[in-house]
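So the structure is just underneath, and the comments pick up after that.
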Amino acid sequence: MTENNTQIDKKSVKSNAKAQAAADKAYRKASRPWFKKKRFIFPLILVVIIIISSVAANSGKKDTAATSPAATSSTQAAGPAAPSGTAAQLQALAAAKGYLDSGMGFSQASLTKQLTSSAGNGFAQADAQWAVDHAGADWNGQALKAAKGYLTSGMGFSQASLTKQLTSSAGNEFTAPQAESAVANSGADWNAEAVKAAKGYMTSGMGFSRQSLIAQLTSPAGNQFTDAQAGYAADQVGLK
């Protein structure tokens, strides 16, 4: 009887030990923070993925809205519409814009002449005129380009001779107001221009005295510098 009781007690102890171990394991499992429990980990990952996807989608929608056709069309609507014309007119327009962008400086008259000239583009007068009318040129700006081109040529232009060159039918054919605006805004140093002209005469081999050099520099048929400008130039080239 005692032996049987001992065996029963041993079994009871083992059973109780197993029960206690299971209970401890269950307690430890229940005591873990909620975010470490397996049943929460996978749903949590799914929720994070959904949130990230939602944020990315909303960001994409904002970017799309910023560059939507409506916004683009609004930006495009602000610009001038391209002119519609015949094939010949559009070709003339392309040529006209090329000349205007060249930096040489074309007036309305000289550009039309270039477009219609047999030595130029040879467009019909009507097509050339249409191109000039639709070129969107700033004629005062073109006159200024031409003026600066002459001033950097090294020839030496006075205020009067530069204006004459810009308005001449054998020159650029700008209007008087356009030429005057260009000359006024050219930033020219007229004394320095007179010296350039004087040096040109001195190296020509013709032979100039102070008096004849000043006469040439001030002549209406010559450079048209003022007496003061011509005298300054003569001094600078050594004729005193």
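Summing charges over all other residues whose Cβ lies under 11 Å from the Cβ of Ala143, with Lys and Arg as +1 and Asp and Glu as -1, gives -1.
Does region 124-240 come out rounded, prolate or oblate by the C-alpha gyration tensor, with a ≥ b ≥ c the root eigenvalues, rounded set by a/c under 1.5 and, if not, prolate when a/b is larger than b/c and oblate if not? The shape class here is prolate. Taking a Cβ cut-off of under 12 Å around Ala234, the surrounding Lys, Arg, Asp and Glu residues balance to a net charge of +1, with basic ones at +1 and acidic ones at -1. Computed from label points 7 Å out along Cα-Cβ, the spacing between Asp235 and Thr86 is 6.3 nm.
Accessible area per residue for region 104-166, computed on protein heavy atoms with a 1.4 Å probe, is 47 Å².
Going by the alpha-carbon gyration tensor, a ≥ b ≥ c the square roots of its eigenvalues, is region 114-175 rounded (a/c under 1.5) or, if a/c is not under 1.5, prolate (a/b greater than b/c) versus oblate? It is prolate, given that a/c is not under 1.5 and a/b is the larger ratio. Ligands, DNA and RNA left out, the accessible area of region 152-240 computed with a 1.4 Å probe is 50% carbon and sulfur.
Working from label points 7 Å from Cα in the Cα-to-Cβ sense, the Ala215 to Lys97 distance is 5.4 nm.
Charge tally for Thr167 (other residues, Cβ to Cβ under 11 Å; Lys, Arg +1; Asp, Glu -1): -1.
3J(HN,Hα) couplings calculated from phi for region 127-140 with the Karplus curve 6.51 cos²θ - 1.76 cosθ + 1.60 (θ = phi - 60°) are, in sequence order, 5, 5, 5, 4, 5, 4, 5, 9, 6, x, 6, 9, 5, 5 Hz; Gly and Pro show x. Taking each of Lys164/Lys196; Lys113/Lys196; Lys164/Lys199; Lys113/Lys199; Lys145/Lys240; Lys97/Lys196 in turn, the alpha-carbon distance tops 29 angstrom for Lys113/Lys196; Lys113/Lys199; Lys145/Lys240; Lys97/Lys196.
The values are calculated or read from the model by the stated rules, or taken from the named source; none is laboratory data. For clarity, every value in this text was computed on a predicted model and none was experimentally measured. Please note: Cβ atoms are built from the backbone with ideal geometry, for glycine as well, and neighbour counts cover all protein chains shown. To get the accessible areas, we keep the full protein, side chains included, count just its heavy atoms, and leave off ligands, DNA and RNA. Shrake-Rupley method; radii C 1.70, N 1.55, O 1.52, S 1.80 Å.
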